[in-house]
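The values are calculated or read from the model by the stated rules, or taken from the named source; none is laboratory data. It should be emphasised that the depicted structure is a prediction, and the values quoted were computed from it without experimental measurement. Here the Cβ positions follow ideal geometry from the backbone for every residue, glycine too, while neighbour counts run over all protein chains shown. Side chains are part of the model used for accessible areas, which takes the heavy atoms of the whole protein and leaves out ligands, DNA and RNA. Shrake-Rupley method; radii C 1.70, N 1.55, O 1.52, S 1.80 Å.
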Amino acid sequence: MLLAVASEPVHAEPAGASDLPNRLDQRIVDLARLPPGGPDRGPRVLVVDAIAPIAPTGPTASTGPTAIVPAAPQPDVVHLAVLSRDRGWAAVAGLDVDLASLGLGAHGAPWLIGLGPQRFALLVSSIGTDRSGIVLLGTDGGAGGSPPQEAARTTVELAIDDAGAADVDGDGTPELVVASSSTRRGGVLCQGTTIDALDAATLLPRSAIELPGRRLAGGVIGAFDGVAGADLLAYAHWDCPIGADTPPDVGLVAIRLGDGAMIADLPVGPADADTVLGAPLRVDVEGDGRDEAVARGPGGGLTVLVPAAGWRREPLFGVDSLPLLAVDGSQPNTLPRVAWLVPGPGPAGGSIQQARLTPTTSGPGPVAVVGRLSLSLRELGSERRDLLVSVVRGSAEAGSPPVAWWGGMADVDCADLILNGVMQPCGTSAMHPGAAWLATRPVSADGDGAQRRLLVAEGVAWEPGHGLPRTPAPWAAGPPGWWRHGPSVPFALAELPAAEATALRDIPTPGTTIEPTARGTATDLSGLTGERLFVRTSMLPSSAPDPGEAASVDAALLAPSADGDRSLVARIAGPPGVEAGVQAGVAAVDLPDTTLPDGSRPQRWSVTAVAINDWGELGAPARRTVLRDHVGPSVSLEVPFTSPLWPATTHLIGAAEPGAMVRVEGVGQVTLDPDGGFALDAALAPWPQTFHMSAIDASGNQTVREVSVIGGVDYRRFPWPTIVTAALLAAVAFSGFGGTRRVGNGGSSPTERSSSPRHWRQATIAADDGPFAEIEDLPPRGGTFRD
């Protein structure tokens, strides 16, 4: 299966999920968990299929029937499916949502907000207008229950940037909260932020909040003020100042969503061009239902924000850091904990740290930080360290949550900590280097013991010159209280043995090989199932030298595309039920084939590929020159030894180069299977008949073959030299045996034949009944003795 992002706009036709051998390989733009179903209580998910070009960011496009196109308008029909796992994953229900009646015109990719275990809101924003469409969906998983159904729909006059689920009025039922932030000036101040709350059953408006002059950035929904109903804690920028634009001051605001009251407005400090804030993370330290938060403080350090203590800030780490994880102490004998990244100065600086949080009445503040652990990024190596810091910063800049997991992998009752490049397996007291999770995110774990499986979202979004491949952020993988910032980048899914996520120590490095000869204008890249291949291709003029085989990660992934280059993402798909990374596979990659400056067609291409496996490990870049194929395709026809005679028909089996066009004279074009096999039915006479065949490959090379077939028994295939030799020997033996019998039974006595001694001796021997050849039968002068 090919998943592609390329740099020149080409029309892409939708590809159905039924075309794929493994349903998890279908391109997806969002994912939500459903309650288990079926007799085995197997896991179920709701997916928003990306079966047409998907456009979350950037002005690039792609090619091929399974293309993924960022920033292109989406079709008016959104395809949803419920997937259930028995032995393999299969779609058990589905729904097509027609958006045409919403009147959005060109719109972006859809995304989900979960409003309960079986209720979701599908959001779609118009491109270039301040309008968005919302469709309310309900499902209990289908296959014995109700399939996905549309419950309500509406259009709002907002270009929705952020959304979340929040119990606005405190009645135990979440509402849909949406927001739009604008930096356009309206007088002397920017227009600011609008927040609307919609009823989760009818989508009717419940409340509207205006925040003039301030643009909200990353946020989190929680219970911060002790009043019934949810609150929003978010960073807020003072944008569009009077006069020249300057780096804005950033504050941390808390807004009661029920009535719009500002319950806190705390300074953070000026934000320069290099500042990455990310989003606050909530955590209930005391377990009393009132939340604390991990957020930036003055000077850029991390603090634990305690609203119940007058919004007191307890220092967590004093230098510029990015929060990675905050979890409650929901498991027995565990305490709330938080993890964060310290980028650190220099190529070998920085660390990833975690600590437990506990309430206290004897210390200087209401929360104590205990059990601090640290892993120096120096242990990861400089190149790996830089990659992982870039991944974390990139997620924060895109408004996506960092890759973080706190839960049972191998054992559901024993939690593991997994971060980019770092892990702390259950029961251990130290952090260790771990899988990179580059452009890859663990979503959920299901099952028990050795059958426990990890579902992973594997990103296929990449724009050269704009950073590393980006990490997907589906609804199912969001942190508690997620204030979601727009749709996810597209992804595929993989299912892996959960225990391997914590058992890995020596991470296997993925790799790929590039076929040196093109098939028409495509070449094959090989690797292991589940690998994503980030590929750059370019045409080479006849005078250009061959590029070297070595390439750096920066040149392969991060360098901007040159004119005529094409960038795409391919994934080596696996058959259903096969663990990723255990079988070899091939992905086909199209090569650019436009006219060169001298007017000729390209005969050589430079192809560079970087493989990323299911654990997010990055392989060394591979690069080679690919030559246009000038060799005719293979084509053959099996000649049977025996076959039915006319008028009965004979089934003849042939084989050709996969993808070739094969014609048989008198029959026409024949259909090839994916491996190049084909079949003919013919009535054969008992004499030679010639089949004239021609095969043309994608490069235009032609091969002509003539095959002669005989009906009945093909006597030409008998071993005639052997048969003739055996017949001659048999004839000689038979003639000798017959001559002996005639002499022995002649009826004459020896004395009647001759009285000479010689004739008497010969007759005596011949008269014996033994099987002896007669001397007189030997050729004259042919023996050792002569007369």
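Residues that are open to solvent by 60 Å² or more (accessible area, probe 1.4 Å), closer than 30 Å to residue 635 by Cα and at pLDDT 60 or above do not occur anywhere in segment 730-751.
Collect the residues in segment 690-707 that are among the polar types (S, T, N, Q) and open to solvent by 40 Å² or more (accessible area, probe 1.4 Å), keeping them in residue-number order. 690, 702 - these are the residues of segment 690-707 that are among the polar types (S, T, N, Q) and open to solvent by 40 Å² or more (accessible area, probe 1.4 Å).
Please verify whether residue 281 is more than 23 Å from residue 207 (Cβ to Cβ) and either free of Cβ contacts under 8 Å to residues at least 60 places away in the same chain or surrounded by fewer than 20 Cβ atoms within 10 Å (Cβ to Cβ) (or both), treating the condition exactly as stated. Taking the combined requirement at face value, the residue does not satisfy it. In this entry, residue 458 passes the filter for residues that are surrounded by 22 or more Cβ atoms within 10 Å (Cβ to Cβ) and acidic (Asp, Glu).
Quick one: would you say residue 679 is open to solvent by 20 Å² or more (accessible area, probe 1.4 Å) and modelled with pLDDT under 80? Judged against the criteria, residue 679 is not a match. Output the residue which, of all residues in segment 659-684 that are charged (D, E, K, R) and not in a strand (DSSP E or B), is farthest from the chain's Cα centre (by Cα). Here the residue is 665.
Scan segment 646-658 and give yes if some residue there is at positive phi and either in a loop (DSSP other than H, G, I, E, B) or open to solvent by 80 Å² or more (accessible area, probe 1.4 Å) (or both), otherwise no. So far as segment 646-658 goes, no, none of its residues is at positive phi and either in a loop (DSSP other than H, G, I, E, B) or open to solvent by 80 Å² or more (accessible area, probe 1.4 Å) (or both). A single entry from 668, 599 fulfils the requirement of being out of contact with any Pro (no Cβ under 7 Å at 6 or more places or on another chain) and open to solvent by 20 Å² or more (accessible area, probe 1.4 Å): 599. Inspection of segment 386-404 finds a residue satisfying the criterion of being touching a residue at least 24 places away in the same chain (Cβ under 8 Å), hydrophobic (A, V, I, L, M, F, W, C), assigned to a loop (DSSP other than H, G, I, E, B) and open to solvent by 20 Å² or more (accessible area, probe 1.4 Å).
Just to verify a result, which residue in segment 415-433, among those that are touching a Pro at 6+ places or on another chain (Cβ under 9 Å) and assigned to a loop (DSSP other than H, G, I, E, B), is nearest to residue 377 (Cα to Cα)? Among residues in segment 415-433 that are touching a Pro at 6+ places or on another chain (Cβ under 9 Å) and assigned to a loop (DSSP other than H, G, I, E, B), the one nearest to residue 377 (Cα to Cα) is 421. Just to be sure, is residue 230 open to solvent by less than 40 Å² (accessible area, probe 1.4 Å) and modelled with pLDDT under 95? The answer is no for residue 230.
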